[in-house]
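Beneath this line is the structure, given in structure tokens, with notes to follow.
The values are calculated or read from the model by the stated rules, or taken from the named source; none is laboratory data. Quick caveat, the model's predicted, so the values are computed rather than measured. Positions of Cβ are generated from backbone atoms using ideal geometry, with glycine treated the same way; all protein chains shown enter the neighbour counts. Just so you know, the surface numbers come from the protein's heavy atoms only, side chains and all, with ligands and any DNA or RNA stripped out. Shrake-Rupley method; radii C 1.70, N 1.55, O 1.52, S 1.80 Å.
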Amino acid sequence: MANKPGNTTMQIKALAVKKTGGLLEEYKFDVEPPKVHECLIKVLTCGICHSDLHMIDNDWGQSKYPLVPGHEVIGEVAEIGPQVTHLKVGDRVGVGWQRSSCLQCRDCLRGNENLCDENQGLIVTGPGGFADYLMVDSRFAFPIPKGIDSKIAGPLLCGGITVYAGLRNAGMSSGQEIGILGIGGLGHMAVQFAKKLGNRVTVFTTSQDKAEFAQKMGADEAIVVGKGEIPQAPSNKLDILLSTVPAALDWVPYIDFLDSDGALAFVGVPDAPLSIPLFPLLTKRRRIMASPIGGRAMINEMLSIAEKFGIEPIVEVFAIAQANEAMQKVRDNQVRYRAVLTVS
Ligand SMILES: NC(=O)c1ccc[n+]([C@@H]2O[C@H](COP(=O)([O-])OP(=O)(O)OC[C@H]3O[C@@H](n4cnc5c(N)ncnc54)[C@H](OP(=O)(O)O)[C@@H]3O)[C@@H](O)[C@H]2O)c1
Ligand SMILES: [Zn+2]
Ligand SMILES: [Zn+2]
């Protein structure tokens, strides 16, 4: 069997988790040549998002094993299906959480493919980017601007778009007070987007070193919150507080930090349902919302803003052979700030 692109079935070499919470092990599977709109991508790098961990641990009850994680993929187009016109072999592209959508429903036609009822998550319905090659619908593979290096580009494709779209959909423009809760992979990119687009930024973190570094990244104020402690109030009321935390917290103090008409926007996925009294919302007309990744137009907009404004994920690079070590560092909240695997 060929292990190079061509007209025959090809074998892909990947890393997969074979049971809930398991370690990554070698895993091989076959793919047919790209059909219609599909493209085959030779993977160069792949970021590790906390959602890969949620999926490995089956936190959302939708994991299928063997599970090949990885949805912050940067690679080169190796082969295209007969109807692909916007990409050619050799193009450098990125793929994030979404593998495909119907492209016909009201959400898709409004540019909200991420909200489509038929949207498919890359690692929910197929293998992800911890592999030498990845097959996807080419309409969900995005050309990477020249000014963005392959080692840092991957994290923009899931973490970057998630915080950019979350902030924009919560109403972020410029000249606002923006709070970012949790300074991990997503949070450290959110600080940069919010600040470089002209806002005053306050971060809430459990890590002292991150409080200091967030200020170097442009945060105006950093509040360290001990686990289980009530956070200190920021100097100014917030227009938007974006939570990237993958755990349940007492959200009530954070709601009180919002200005009238302010929004608490969830992109992080807490491990318990929200329990929130109505009155702190009602008396100040505050909102709670949640936002998944971003649509295709917004991904292109985000990439171009990242290039123009110099928004750069800060990465720790690991060889793919060190994938288990990297994954453990994500689990232990030790990565500063996004782990990226080099694949080839
Ligand atoms: N909505 C979407 O479409 C979307 C897309 C991508 C990811 N996500 C979700 O977003 C979340 C974050 O992803 P990520 O890749 O940024 O994760 P990450 O790199 O692990 O960062 C999460 C950060 O949250 C803080 N944190 C973790 N546990 C905490 C706890 N028990 N109490 C308080 N703070 C805690 C830590 O920041 P400090 O050290 O600063 O406290 C940590 O660095 C995950 O739930 C992921 O599934 C959602
Ligand atoms: Zn992700
Ligand atoms: Zn649709």
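Given the criteria in contact (Cβ under 8 Å) with a residue 12 or more places away in the chain, of a type in the set (Val, Ile, Thr), within 13 Å of ligand 1 (Cβ to nearest atom) and in contact with an Asp or Glu (Cβ under 9 Å, 6 or more places away or on another chain), does ILE123 qualify?
yes
Which of the residues spanning the range 114-149 are within 21 Å of ASP52 (Cα to Cα) and either modelled with pLDDT under 95 or in a helix (DSSP H, G or I) (or both)?
Those that are within 21 Å of ASP52 (Cα to Cα) and either modelled with pLDDT under 95 or in a helix (DSSP H, G or I) (or both): ASN114, LEU115, PHE140.
Can you tell which of ASP52, ASP59, ASP107 is within 16 Å of ligand 3 (Cβ to nearest atom), farther than 19 Å from GLN11 by Cβ and of a type outside the set (Phe, Trp, Tyr)?
Going through ASP52, ASP59, ASP107 in turn, just one is within 16 Å of ligand 3 (Cβ to nearest atom), farther than 19 Å from GLN11 by Cβ and of a type outside the set (Phe, Trp, Tyr): ASP107.
Residues of the range 8-35 being in a loop (DSSP other than H, G, I, E, B) and either open to solvent by 60 Å² or more (accessible area, probe 1.4 Å) or not small (Gly, Ala, Ser) (or both), which ones?
Listed by number, the residues that qualify are THR8, THR9, LYS18, LYS19, THR20, LEU23, GLU32, PRO33, PRO34, LYS35.
Is one or more of the residues making up the range 245-261 in contact with a strand residue (DSSP E or B) (Cβ under 6 Å, 6 or more places away or on another chain), away from ligand 3 (no atom under 16 Å from the Cβ), among the small types (Gly, Ala, Ser) and under 25 Å from HIS54 (Cβ atoms)?
no
Filtering the range 224-261 down to residues that are small (Gly, Ala, Ser) and under 24 Å from the mean Cα position of the chain (by Cα), which residue is least open to solvent (accessible area, probe 1.4 Å)?
SER243
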